[in-house]
């Protein structure tokens, strides 16, 4: 589906000099934009795609009711996936693992890197809770074998185990592992793996469109002066500098 | 990482408590209470998924037969699902697990699950069966039996993705002979499989794998496939080589490789051939299984096809492959085999390829590959080596590629002899880079080599050969030659005799080169040669003195002093080592040599260097000076 086709007029007596750029006023620009035709259902599909991929089940269901847009996957599978994501985000990694295995036992069996990251997160949570003995035991029983099975994990493994060495892990060189953002990173990884296993694309379309917009503006900047969208969240046009 | 043999109490308790936990859950598997059993099954399943180590330990406990009984005895859907999932996990990428699962008679039990009314039970059964079929140990599927064919098609027709995927998987892994391919095509399998091309990701991938198996080396099957809907599906597969998922790109490429190798006429378009080559080259960078398979796929594609080899060469294949081989990380044997075979194919006909390859200093890596524990890798490296060496028109030992290299076997000497001979020939190449690389490889081969190997090598080179190498016009080649010599005379005292062959011709040449104000790197190797010779007998030490201070000397040309004043710490160090060996107190002539060294200003120079910036040099000098003091020096 093609959503945007931006038309730019070029005068016949165009610049010979590479330095002089064409100036397009706000009025001209808005006129050109208004000439572009979009379909409402394309936009609805984009929104639905975003809600579904990010896992906003209730919002997706409501949006389906209100706009009669069909979700591209069964909303029930989203619920399962979101439960896993939420469990990781809340630090309940063991629970998340069980849920993933119920959903599809192949995912962790065929994704050694993901499995390692989940085990790693488990260790981090144990350390965060101050359960040092348990953490040590877990590190030896569950994480060390991952390093033996796959040399590629050794470096990250060492970094994680280093958390156990420091008295005050939250001020150590490896403290970013304890950061909540690490949970989010792991959660995102597991979300992507589930989406792929369900043959769904793991990234929503909306960010790609916005990236395309920014790229197109950068390209156009070399040739013309025109109103930009600088704030993606508002989409407001800003006048070109004098 | 501390192992369980550590004395720390928390570690040893960890090992035993985990063992206890495993034994505990194992005993609960046999419980007559369905709720307890279900919980235990789930626990085992969750412990083993993704965890090869746990799979092994549960296997040893005998978990597989226990779970198999749960599967056969129960009617409860939850128990069926959990036990099937656990068994599937045992079979996932774990050959011992597949063996255990098949031995426990699980196969028919899983088949039964496919007819269940509960979708989850069907899913679990289909997934686990698919795991089994990905292994070489999977039961042979007799396509020729009507009921088997019927069953297979019922699988392919299923709406359930896991079930249709199972059908495709069976074909992909069990179809081997032309007869089987024929029977499948006649029953309409191609028409069924291509429907899956338009399906989900996993269906597409399963379809591509099975297509490749059915079409392989079967021109009739290929023509049938291409004929479907006027070539629409061939175009689809070609399109899929640009898919966003690497595995899809790989499988579609492999499918096209099969078609191309079977019936090249469908690939008249140069563009398709070229993009097939470049896609496979890109996939080589994938770290996972796709990259491994891509390497073998590439070698199969360009095998015997000069035009494709040219395409690959122009797409920078040689540099890309060599870069991957040089990364230093442990590469899967399949990938190594594929990469070396690809290089071998590239070097088989094209002189440009060979030159490119040789200029990249790959010989060290090749020699290491010749020693790899995997036989296929060794063979591939050998073929590569043979093909690359063709450029110097060496008489090829054709049998080389047919003999499995094993350096511990009696045959290895013969092979080694052939390999060393080739390297010696290469060391005489017109191209200085080739000479350098060959010498570097030989240098490695002589490091800590036994006398037999050294004798073999020397008999091919002889004194005159060495003189030519050491006197090579290129300084880098001279350096490598001296380094090779250094390794040759290192070790056993008999090795030193090599430099005395033909009236000490080699030793004289070394001395001559050192007196010519050589570059530091060359001088370092030269001094280490002298160090090693000076570690020998009295005669050896005297011979070294002769080289250092030849009589008669018109002017003072004391290169030793110059070396001791060099900016290169290694050169200073090597020189000091020579001195240490010359005046080591245990030998009778040490005192006289010490006097000579003192008179030539060497010992006084060392006294000025007691605070040398390099720690190693400083320590060695202290050794010399303490030896010196023992001679009663003032």
What is the number of the single condition among (1) outside any helix (DSSP H, G or I); (2) surrounded by 16 or more Cβ atoms within 10 Å (Cβ to Cβ) that residue A:203 does not meet? (2)
Of the conditions (1) closer than 22 Å to residue B:508 by Cβ; (2) buried (at least 21 other Cβ atoms within 10 Å of the Cβ), residue B:436 satisfies every one except a single condition; which number is it? (1)
Using the structure shown, decide if residue A:145 is exposed (fewer than 13 other Cβ atoms within 10 Å of the Cβ) and either assigned to a helix (DSSP H, G or I) or in contact with a helix residue (DSSP H, G or I) (Cβ under 9 Å, 6 or more places away or on another chain) (or both). no
Step by step: first the residues of segment B:191-203, then only those that are crowded, with 20+ Cβ neighbours inside 10 Å and at pLDDT 90 or above, then the one that is farthest from the chain's Cα centre (by Cα). Which residue is that? B:192
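Conditions tested, residue by residue: (1) away from chain A (no Cβ under 13 Å); (2) out of contact with any helix residue (DSSP H, G or I) (no Cβ under 6 Å at 6 or more places or on another chain).
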{"site": "B:134", "(1), (2)": "no, yes"}
{"site": "B:145", "(1), (2)": "yes, yes"}
{"site": "B:168", "(1), (2)": "yes, no"}
{"site": "B:176", "(1), (2)": "yes, yes"}
{"site": "B:208", "(1), (2)": "yes, no"}
Among the residues of segment B:167-183, how many are over 11 Å from residue B:210 (Cα atoms) and part of a helix (DSSP H, G or I)? 5
Any residue in segment B:104-120 that is touching a helix residue (DSSP H, G or I) at 6+ places or on another chain (Cβ under 8 Å), within 14 Å of chain A (Cβ to nearest Cβ) and within 30 Å of residue A:147 (Cβ to Cβ)? no
In segment B:256-266, which residue that is part of a helix (DSSP H, G or I) and within 33 Å of the chain's Cα centre (by Cα) is nearest to residue B:240 (Cα to Cα)? B:256
Could you please let me know if residue B:249 is out of contact with any helix residue (DSSP H, G or I) (no Cβ under 9 Å at 6 or more places or on another chain), farther than 23 Å from residue B:365 by Cα and either in a helix (DSSP H, G or I) or free of Cβ contacts under 8 Å to residues at least 40 places away in the same chain (or both)? no
For segment B:278-287, give me each residue that is away from chain A (no Cβ under 14 Å) and more than 22 Å from residue B:225 (Cβ to Cβ). B:278, B:281, B:282, B:283, B:284, B:285
Could you pull out the residue among A:153, A:166 that is more than 9 Å from every other protein chain (Cβ to nearest Cβ), touching a residue at least 24 places away in the same chain (Cβ under 8 Å) and in contact with a helix residue (DSSP H, G or I) (Cβ under 9 Å, 6 or more places away or on another chain)? A:153
Restricting segment B:126-151 to residues that are without any contact (Cβ under 8 Å) to a residue 24 or more places away in the chain and closer than 19 Å to residue B:191 by Cα, the one surrounded by the most Cβ atoms within 10 Å (Cβ to Cβ) turns out to be B:151
Out of A:102, A:74, A:109, A:95, which single residue is within 14 Å of chain B (Cβ to nearest Cβ), under 30 Å from residue B:130 (Cβ atoms) and modelled with pLDDT under 90? A:74
Odd one out for residue B:81, checked against (1) over 18 Å from residue B:37 (Cα atoms); (2) in a helix (DSSP H, G or I); (3) within 10 Å of another protein chain (Cβ to nearest Cβ): (1)
Taking segment B:31-46 and keeping only residues that are surrounded by fewer than 22 Cβ atoms within 10 Å (Cβ to Cβ) and within 11 Å of chain A (Cβ to nearest Cβ), one is left with B:42, B:43
Got at least one residue in segment A:180-198 being over 17 Å from the mean Cα position of the chain (by Cα) and more than 12 Å from chain B (Cβ to nearest Cβ)? no
Which of the residues that make up segment B:505-527 are assigned to a helix (DSSP H, G or I) and either touching a strand residue (DSSP E or B) at 6+ places or on another chain (Cβ under 7 Å) or closer than 17 Å to residue B:468 by Cβ (or both)? B:505, B:506, B:507, B:508, B:509, B:510, B:511, B:512, B:513, B:522, B:525, B:526
For residue A:216, indicate whether it is surrounded by fewer than 14 Cβ atoms within 10 Å (Cβ to Cβ), in contact (Cβ under 8 Å) with a residue 40 or more places away in the chain, over 26 Å from residue B:247 (Cα atoms) and more than 14 Å from chain B (Cβ to nearest Cβ). yes
Residue by residue through segment B:314-336, note down the ones that are crowded, with 20+ Cβ neighbours inside 10 Å and over 15 Å from the mean Cα position of the chain (by Cα). B:317, B:318
Criterion first (modelled with pLDDT of 90 or more, surrounded by fewer than 21 Cβ atoms within 10 Å (Cβ to Cβ) and either within 14 Å of chain B (Cβ to nearest Cβ) or over 29 Å from the mean Cα position of the chain (by Cα) (or both)) does residue A:114 satisfy it? yes
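Consider residue B:94 carefully, then state whether it is farther than 27 Å from residue B:32 by Cβ and within 11 Å of chain A (Cβ to nearest Cβ).
Criteria met by residue B:94.
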Going through segment B:204-221 in order, the residues found to be on the phi > 0 side of the Ramachandran plot and surrounded by 20 or more Cβ atoms within 10 Å (Cβ to Cβ) are none
Flagged in segment A:162-196 as part of a helix (DSSP H, G or I), at pLDDT below 90 and surrounded by fewer than 14 Cβ atoms within 10 Å (Cβ to Cβ), in numbering order, are A:165, A:170, A:171, A:175, A:176
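The values are calculated or read from the model by the stated rules, or taken from the named source; none is laboratory data. Predicted, not measured: the structure shown is a model, and the values here were computed from it. Here Cβ is always computed from backbone atoms with ideal geometry, including for glycine, and neighbour counts include all displayed protein chains.
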